[in-house]
Amino acid sequence: MENRDMEAVRSIKTTVVIAGGGPAGMMLGLLLARANVDVTVIEKHSDFLRDFRGDTIHPSTLEIIEQLGFIKEFLALPHTEARQLHAEIGDQKVTIADFSWLPVKNRFIAFMPQWDFLNFVAGKAGQYENFRLLMSAPVTDLLQTGGRVHGLKVETPDGPLTIEADLVVGADGRNSVIRDKAGLEIERFGVPTEVLWMRLSKQPGDPTETMGHAGPQQGFVLIDRGDYWQCGYVVRKGFFADIKTKGLEAFRERVAEVCPLPRERLSEIKSWDDAQLLTVRIDRLKQWWKPGVICIGDAAHAMSPIGGVGVNLAIQDAVATANVLVPVLSSGRSITDVDLAAIEKRRSFPTKATQRLQLMMRSKNKKDQADAKRAKGPPAFVLAIMRFPLLAHLAGRLIGLGFRREKLKY
Ligand SMILES: Cc1cc2nc3c(=O)[nH]c(=O)nc-3n(C[C@H](O)[C@H](O)[C@H](O)COP(=O)(O)OP(=O)(O)OC[C@H]3O[C@@H](n4cnc5c(N)ncnc54)[C@H](O)[C@@H]3O)c2cc1C
């Protein structure tokens, strides 16, 4: 991506500066740009190709893309579609979420590498003159005077740059520099778990669908990436450090207990470099904003990968933010604290409700906790769906559309 305006200018001014070119930042950049707002997105990496991130484009996000008029072009990109999500519990295949009846046009989750999705959004936003994307540019600090934020500091390959802005948006993910420098307070929930991400080849006779697979103690997720499986192995925090001391063969044995692919396939894990560790946590800001700055997406609320709803919520935050900001900026009025509070108010309920559900889904019910043998079995929500299959429709609604669906107003 081209770094415009960088060579000659060491200080620039923009109306809205967004730190972070993930789903939240890129989508907000596009929505503001198409509404004629001068917007600059700052991304620390040189491209969107990096660590595993959420690969799921949910029906609610597909609706936004539909509203933007890009759906045909978007769905022409390589992807797979899941109308249902399944889990394998012992020998039983359970449908844990069903999207096929949702009241939207695209009743499926599209699995697409996040870099393809972000490149697509960047391409659309880049068509507007008033959109600027600076890559390889980590944000290092905020510009603040008298408690009010009025811009940020960025390192670029050409040296430091300051950007003055009417509003700074922190969309820089779960380790947000913006929320840290703004001094926004974080509430943390639950015990972190770990996900080990691995690639295994796809071969004839493999399962045909993206699926979750719950073993006796751990979960295993297979994501179809066309010519290979992206595998996520969910374990308790500390597992990876423990198993590393026991060696790769012991690790392969543990994976084999829960992996639905043939045991021989695990010989493709040749070194510890083939297993990428990600710590999962659930947290949120007590207040998402202070004068001149607001955080959205994972920067405001890190989600657990349960239900794969992080990207979905990040996009919904971006839509809600644009819905508040566009009329304000189009009328020539300054953005006030009331506007920022309105964004938080709109998105606070879906965030809290989703996190509450994720925490509940992670835990066992009390009876199971008391029974050591059952405590190792599938979580209570999977057991409930096994008993009452219609609950898969409710799960489909919560995963596919979330608690409060945003629609583009402008
Ligand atoms: C193990 C795991 C599995 C997951 N699986 C799924 C899934 O299947 N489906 C799903 O929907 N969600 C999933 N999620 C969550 C999902 O990836 C996130 O919720 C989502 O990407 C959040 O989007 P975001 O734009 O808010 O933040 P991010 O995607 O984190 O984007 C933040 C961006 O900011 C950039 N950045 C960071 N610091 C700076 C800085 N100082 N300066 C400039 N740029 C900076 C980063 O490089 C990044 O591009 C998963 C998360 C984890 C940890």
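The values are calculated or read from the model by the stated rules, or taken from the named source; none is laboratory data. This one's a predicted model, so the numbers in the text were calculated from it and none came from an experiment. Heads up, the Cβs are rebuilt from the backbone with ideal geometry, glycines too, and the neighbour counts pull from every protein chain shown.
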Selection count where residues are of a type outside the set (D, E, K, R), near the ligand (Cβ under 8 Å from one of its atoms) and in a loop (DSSP other than H, G, I, E, B), scope the stretch 170-185: 4
Out of (1) more than 8 Å from the ligand (Cβ to nearest atom); (2) without any contact (Cβ under 8 Å) to a residue 60 or more places away in the chain; (3) surrounded by 24 or more Cβ atoms within 10 Å (Cβ to Cβ), the odd one out for LEU325 is which? (2)
Residue count for the stretch 384-410, restricted to those that are of a type in the set (Val, Ile, Thr) and over 18 Å from the mean Cα position of the chain (by Cα): 1
Being outside any loop (DSSP other than H, G, I, E, B) and touching a Phe, Trp or Tyr at 6+ places or on another chain (Cβ under 6 Å) is the filter; apply it to the stretch 196-222 and report the residue that is modelled with the lowest pLDDT. HIS213
Those residues that are part of a helix (DSSP H, G or I), modelled with pLDDT of 90 or more and β-branched (Val, Ile, Thr), I need them from the stretch 244-273; list them, please. THR245, VAL255
Restricting to the stretch 1-48, count the residues that are surrounded by fewer than 24 Cβ atoms within 10 Å (Cβ to Cβ), of a type in the set (S, T, N, Q), within 16 Å of the ligand (Cβ to nearest atom) and at pLDDT 95 or above. 1
In the stretch 114-135, how many residues are surrounded by fewer than 16 Cβ atoms within 10 Å (Cβ to Cβ) and closer than 18 Å to HIS45 by Cβ? 2
Filtering the stretch 245-259 for residues that are loosely packed, with under 15 Cβ neighbours inside 10 Å and either in contact (Cβ under 8 Å) with a residue 40 or more places away in the chain or under 15 Å from TYR233 (Cα atoms) (or both) leaves a count of 3
Tell me whether the stretch 93-113 contains one or more residues that are surrounded by fewer than 17 Cβ atoms within 10 Å (Cβ to Cβ) and within 15 Å of the ligand (Cβ to nearest atom). no
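Residues are listed down the side, and each one gets a yes or a no for (1) more than 7 Å from the ligand (Cβ to nearest atom); (2) of a type in the set (D, E, K, R); (3) surrounded by fewer than 24 Cβ atoms within 10 Å (Cβ to Cβ); (4) at pLDDT below 95:
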| position | (1), (2), (3), (4) |
| --- | --- |
| LEU278 | no, no, yes, yes |
| ILE282 | yes, no, yes, yes |
| GLN287 | yes, no, yes, no |
| LYS290 | yes, yes, yes, no |
| CYS295 | yes, no, no, no |
| ALA299 | no, no, no, no |
| ALA314 | no, no, no, no |
| ASP317 | yes, yes, no, no |
Just checking, does the stretch 20-37 include any residue being among the charged types (D, E, K, R) and part of a loop (DSSP other than H, G, I, E, B)? no
Considering each of THR140, THR156, THR80, THR56 in turn, give the residue that is under 23 Å from LEU394 (Cβ atoms) and surrounded by 13 or more Cβ atoms within 10 Å (Cβ to Cβ). THR56
Give me the pairs: first residue in the stretch 53-81 and over 21 Å from GLY297 (Cα atoms) and polar (S, T, N, Q), second residue more than 15 Å from the ligand (Cβ to nearest atom) and outside any strand (DSSP E or B), beta-carbon distance under 8 Å, and six or more apart or on different chains, which are they? THR80/GLY226
Applying the selection to the stretch 301-311, what residues are assigned to a loop (DSSP other than H, G, I, E, B) and within 6 Å of the ligand (Cβ to nearest atom)? MET303, PRO305, VAL309
